[in-house]
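All remarks here apply to the structure that follows.
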Amino acid sequence: MPRSAPIRTGMVLAAGRGTRLAAIPDLPPKPLVAVGGKPLIDHAIDLLASAGVGRVVVNTHHRAELIEAHLARRSAPEIAISREADLLDTGGGVKNALPLLGEEPFFVTNSDLIWEVGAERALERMAAAWDPERMDALLLLYPTVRTFGYAGQGDFLCDPDGRLTRRPEWAVAPFLYTGVQLIHPRVFDGTPDGAFSFNRIWDAVQEAERLYGIVHDGIWLDAGTPARLERARAEMGEAGQGRLF
């Protein structure tokens, strides 16, 4: 299978307002909420670094000064900030950061995820599966039946070769998007400036039959709601001794 160069760049999405956690008083901005004794954004960055990523771009907007001051205390990996004057949503935020991301494929991850490893590390599996001749986007998926507190109908169907299709409006899909993907910057060709969702990109990549996925075989949690944050903290334990990454 053809392979690109190793994946050396990643992006962490940290610009959102964290409105679903607003019911919890006195919380810092969501990327700085601690789980297992460490802010969520550090879990995300450390995960990327453990997979060989040497440069991480972080977009900021809401309470940007606090997040940027925290990141300035890190010595590694190299971190670049893409501050957004206005919120640009997921797709627009990454497109805005392209000058910092370069011309090679890169990881994108949300900043509110907690993982435990399965048989293999997920990012390494994604890098090994990446085929630039067939793929423009490779998404990390999770079975809906294993997801804590999930009441949706799923996001994607996956064929035996890993090619994805979006869930039809009338159907139930077995997999949801975890918030982690590996993409080529060419997916932004022809996209608008300003705010837009990654859904726009996935639709175009699916139409070109270049949207693929792999299923995470470990534990996956997001900490984006009060209930899920409580569950993530319970999984990690008070001393932070969870089996992350």
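Seen from residue 92, the other residues with C-beta closer than 11 Å to its C-beta sum to a net charge of -2, counting Lys and Arg as +1 and Asp and Glu as -1.
Expressed in units of 2.2 N^0.38 Å, where N is the residue count, the Cα radius of gyration of segment 23-161 is 1.14. Electrostatic bookkeeping for residue 198 treats Lys and Arg as +1 and Asp and Glu as -1; over the other residues with beta carbon under 14 Å from its beta carbon, the sum is -1.
Rg ratio for segment 78-158: its Cα radius of gyration over 2.2 N^0.38 Å, N being its residue count, equals 1.31.
Coordinate-derived values only; no laboratory data. Keep in mind the model is a prediction, meaning the values are calculated, not measured. Glycine also receives a Cβ, built like all others from the backbone with ideal geometry; neighbour counts cover every protein chain displayed.
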